[in-house]
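Chemist: There's a structure below that I have some questions on.
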Amino acid sequence: MDSLGLLSELVALDTVSGEAAPQRRAMDSIVSLVLSRAPQAKVESDLTGNHPWALITNEAAPSAARLLFACHVDTVPVGTVSDWEFDPYAAQVDGELFLGRGTSDMKAGLVAATAAVVDAFERGVPVALLLTSDEEIGSLGAVRSADAVANLEVGAVIVPEATGNRINLGHRGALWLEVSVKGKAAHGSTPQRGTNAVLKLLDVVDRARRELPLSSDAFLGAETWNLGLVGGGSAPNIVPDNARAVIDHRTVGDGADLLAWWRAQPEVDSVETSIHLGGVRTDASDPWLATLPIPVATEPVSYFTDASVLAAAAPGAPVVIWGPGTPSLMHAANESVKVSELDDAIAAYGAVAAAWPTVD
């Protein structure tokens with residue numbers, strides 16, 4: 001398989017989260033490639049909805065559990081183009097680096113997984129490839145695919161996110177909350193006649209810095225919160241009658257205590273959940289891990305992935321986050337991936353797939 005050619009094709013597509021059409025085109029490219037090499041492959045998909053997905057399987061060993069590679073095709077926006085030293089969508093090689101948005105997160109991993117799956121299909125090994133959309137904004141495509149994954153006999157899951165080809169066993173969950181506060185409008189020259197919603201929100205945020213019930217876990221680490229978005233008011237000379245904040249919690253539990261805390265604050269009018277994904281923990285003693293060609297890291301990754309959805313859809317199957325790419329370049333300007341890391345991932349995934357059992 002022409003791995004660099006496929007990566008170039010994928011990176012040249014602006015598959016930003018929330019835009020379904022280019023994400024569908026990326027999935028179509030992968031599906032077409034797999035079917036050209038393995039015409040008997042089975043494709044289950046929803047490529048017409050706002051959050052498309054596709055699940056590609058083969059007919060080999062129908063009673064055997066499958067090794068599932070799960071890849072999202074979307075990327076974050078490029079941000080300020082002037083911060084880039086090259087065209088984010090040029091999809092070009094510069095020395096040892098392949099340049100462009102999405103190279104590390106996670107189109108190089110997608111290419112490596114595709115290569116392994118194509119090879120496994122040709123060998124008659126029971127594997128599967130899941131393509132999802134809108135992972136960056138809450139694993140929305142993975143959520144839509146969950147029933148199809150649940151109906152598949154899954155023995156293990158590889159999520160090829162950027163880890164520098166290190167194997168990680170989990171990550172914290174994510175709980176994003178939109179906190180709304182109401183006030184009373186008045187003329188800016190007579191603020192005493194109104195109730196300033198922005199100031200009320202500031203009081204809540206200041207209290208959160210001291211009182212939020214943040215937990216910790218021996219493996220996943222400490223819970224965190226980030227005040228990511230703040231807005232309110234309509235003009236400088238009007239007392240704002242509304243204010244809102246979006247809070248990004250990274251959780252080790254179910255987030256119930258955090259949600260309850262925000263809802264209990266006297267200034268808060270409403271709290272809405274936009275993302276609620278559970279944490280992921282794979283038992284380090286799982287026997288499949290001992291067969292992998294790379295030692296397992298002792299710490300989780302810092303970001304969330306589709307593994308939150310997949311671990312719930314395939315309970316009992318070990319899930320690893322493992323792929324080419326540099327974590328610090330994810331979502332950053334001048335994103336790139338080392339060509340050698342892509343090659344190493346292709347070889348390692350191929351070896352793991354080739355060793356996968358074809359019977360129960």
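The values are calculated or read from the model by the stated rules, or taken from the named source; none is laboratory data. No experiment lies behind these values; they were computed from the predicted model shown. Ideal geometry is used to build each Cβ from the backbone, glycine not excepted, and the neighbour counts take in all protein chains shown. For accessibility, only protein heavy atoms count, side chains too; no ligands or nucleic acids. Shrake-Rupley method; radii C 1.70, N 1.55, O 1.52, S 1.80 Å.
Chemist: Would you confirm whether or not the stretch 152-160 contains a residue that is crowded, with 18+ Cβ neighbours inside 10 Å and assigned to a helix (DSSP H, G or I)?
Modeler: No: zero hits.
Chemist: Here is a list: Pro293, Pro236. Which entry is within 23 Å of Phe219 (Cα to Cα), touching a residue at least 40 places away in the same chain (Cβ under 8 Å) and not in a strand (DSSP E or B)?
Modeler: Working: Pro236 fails: within 23 Å of Phe219 (Cα to Cα).
Step by step, each of Pro293, Pro236 is checked, and only Pro293 is within 23 Å of Phe219 (Cα to Cα), touching a residue at least 40 places away in the same chain (Cβ under 8 Å) and not in a strand (DSSP E or B).
Chemist: A further question follows. For the stretch 2-33, enumerate the residues that are hydroxyl-bearing (Ser, Thr, Tyr) and open to solvent by 10 Å² or more (accessible area, probe 1.4 Å).
Modeler: Of all residues in the stretch 2-33, those hydroxyl-bearing (Ser, Thr, Tyr) come to 3, 8, 15, 17, 29, 32.
Those that are hydroxyl-bearing (Ser, Thr, Tyr) and open to solvent by 10 Å² or more (accessible area, probe 1.4 Å): Ser3, Ser8, Ser17, Ser29, Ser32.
Chemist: If you scan the stretch 212-256, which residues turn out to be among the polar types (S, T, N, Q) and farther than 21 Å from Ala312 by Cβ?
Modeler: Result: Ser216, Thr224, Asn226, Ser234, Asn237, Asn242.
Chemist: Restricting to the stretch 302-360, name every residue that is farther than 23 Å from Ala150 by Cβ, acidic (Asp, Glu) and either surrounded by fewer than 21 Cβ atoms within 10 Å (Cβ to Cβ) or touching a helix residue (DSSP H, G or I) at 6+ places or on another chain (Cβ under 6 Å) (or both).
Modeler: If the condition is that a residue be farther than 23 Å from Ala150 by Cβ, acidic (Asp, Glu) and either surrounded by fewer than 21 Cβ atoms within 10 Å (Cβ to Cβ) or touching a helix residue (DSSP H, G or I) at 6+ places or on another chain (Cβ under 6 Å) (or both), then Glu335, Asp343, Asp344 are the ones that fit.
Chemist: Given the criteria in contact with a strand residue (DSSP E or B) (Cβ under 7 Å, 6 or more places away or on another chain), under 29 Å from Ser3 (Cα atoms) and in a helix (DSSP H, G or I), does Leu258 qualify?
Modeler: Taking the combined requirement at face value, the residue does not satisfy it.
Chemist: Between residues in the stretch 333-344 that are on the phi > 0 side of the Ramachandran plot and residues that are open to solvent by 10 Å² or more (accessible area, probe 1.4 Å), which pairs lie under 7 Å by C-beta distance while being six or more apart or on different chains?
Modeler: Asn334/Trp84; Asn334/Glu85
Chemist: Quick check on the stretch 30-46. Is at least one of its residues touching a residue at least 12 places away in the same chain (Cβ under 8 Å), part of a helix (DSSP H, G or I), over 20 Å from Glu122 (Cβ atoms) and in contact with a Lys or Arg (Cβ under 9 Å, 6 or more places away or on another chain)?
Modeler: Among the residues of the stretch 30-46, not one is touching a residue at least 12 places away in the same chain (Cβ under 8 Å), part of a helix (DSSP H, G or I), over 20 Å from Glu122 (Cβ atoms) and in contact with a Lys or Arg (Cβ under 9 Å, 6 or more places away or on another chain), which makes the answer no.
Chemist: With the requirement that a residue be surrounded by fewer than 24 Cβ atoms within 10 Å (Cβ to Cβ) and aromatic (Phe, Trp, Tyr), what does the stretch 84-114 give you?
Modeler: Once the filter is applied, which keeps residues that are surrounded by fewer than 24 Cβ atoms within 10 Å (Cβ to Cβ) and aromatic (Phe, Trp, Tyr), the stretch 84-114 yields Trp84, Phe86, Tyr89.
Chemist: Would you check which residues across the stretch 279-290 are within 18 Å of Gly221 (Cβ to Cβ) and either modelled with pLDDT under 95 or loosely packed, with under 15 Cβ neighbours inside 10 Å (or both) and list them? First the steps, then the outcome.
Modeler: Initially, the stretch 279-290 is screened for residues within 18 Å of Gly221 (Cβ to Cβ), giving 279-284.
If the condition is that a residue be within 18 Å of Gly221 (Cβ to Cβ) and either modelled with pLDDT under 95 or loosely packed, with under 15 Cβ neighbours inside 10 Å (or both), then Asp283, Ala284 are the ones that fit.
Chemist: Please work out if Asn165 is within 24 Å of Leu6 (Cβ to Cβ), open to solvent by 10 Å² or more (accessible area, probe 1.4 Å) and among the polar types (S, T, N, Q).
Modeler: On the way: within 24 Å of Leu6 (Cβ to Cβ): yes; open to solvent by 10 Å² or more (accessible area, probe 1.4 Å): yes; among the polar types (S, T, N, Q): yes.
Taking the combined requirement at face value, the residue satisfies it.
Chemist: On to the next question. Condition first: in a loop (DSSP other than H, G, I, E, B), touching an Asp or Glu at 6+ places or on another chain (Cβ under 6 Å) and either in contact (Cβ under 8 Å) with a residue 40 or more places away in the chain or among the small types (Gly, Ala, Ser) (or both). Can you find one or more residues in the stretch 201-214 that meet it?
Modeler: So far as the stretch 201-214 goes, yes, one or more of its residues are in a loop (DSSP other than H, G, I, E, B), touching an Asp or Glu at 6+ places or on another chain (Cβ under 6 Å) and either in contact (Cβ under 8 Å) with a residue 40 or more places away in the chain or among the small types (Gly, Ala, Ser) (or both).
Chemist: Another question, then. If we keep just the residues of the stretch 257-274 that are over 11 Å from Val204 (Cβ atoms) and either small (Gly, Ala, Ser) or crowded, with 18+ Cβ neighbours inside 10 Å (or both), which is nearest to the chain's Cα centre (by Cα)?
Modeler: It comes out as Ser274.
Chemist: Still on this model: Give Ala347, Ala332, Ala311, Ala353 a once-over and let me know the one that is out of contact with any strand residue (DSSP E or B) (no Cβ under 8 Å at 6 or more places or on another chain) and in a helix (DSSP H, G or I).
Modeler: It is Ala347.
Chemist: Here is a follow-up. With Thr57, Thr132, Thr75 as the choices, which residue is crowded, with 16+ Cβ neighbours inside 10 Å, hydroxyl-bearing (Ser, Thr, Tyr) and touching a Phe, Trp or Tyr at 6+ places or on another chain (Cβ under 7 Å)?
Modeler: Values: Thr57 fails: touching a Phe, Trp or Tyr at 6+ places or on another chain (Cβ under 7 Å); Thr75 fails: touching a Phe, Trp or Tyr at 6+ places or on another chain (Cβ under 7 Å).
From the options Thr57, Thr132, Thr75, the qualifying one is Thr132.
Chemist: Can you tell me how many residues within the stretch 321-332 are touching a Gly at 6+ places or on another chain (Cβ under 9 Å) and touching a residue at least 12 places away in the same chain (Cβ under 8 Å)?
Modeler: Residues of the stretch 321-332 that are touching a Gly at 6+ places or on another chain (Cβ under 9 Å), as a first pass: 321-327, 331-332.
Adding the requirement that they be touching a residue at least 12 places away in the same chain (Cβ under 8 Å) leaves 321-327, 331.
Summing the residues that are touching a Gly at 6+ places or on another chain (Cβ under 9 Å) and touching a residue at least 12 places away in the same chain (Cβ under 8 Å) in the stretch 321-332 gives 8.
Chemist: Then there's this: Can you say whether Ala116 is in a strand (DSSP E or B) and among the small types (Gly, Ala, Ser), as far as the supplied structure shows? Please lay out each step first, then the result.
Modeler: On the way: in a strand (DSSP E or B): no; among the small types (Gly, Ala, Ser): yes.
No: the conditions fail for Ala116.
Chemist: In this structure, is Arg250 over 20 Å from the mean Cα position of the chain (by Cα) and surrounded by 15 or more Cβ atoms within 10 Å (Cβ to Cβ)?
Modeler: Against the criterion (over 20 Å from the mean Cα position of the chain (by Cα) and surrounded by 15 or more Cβ atoms within 10 Å (Cβ to Cβ)), Arg250 does not qualify.
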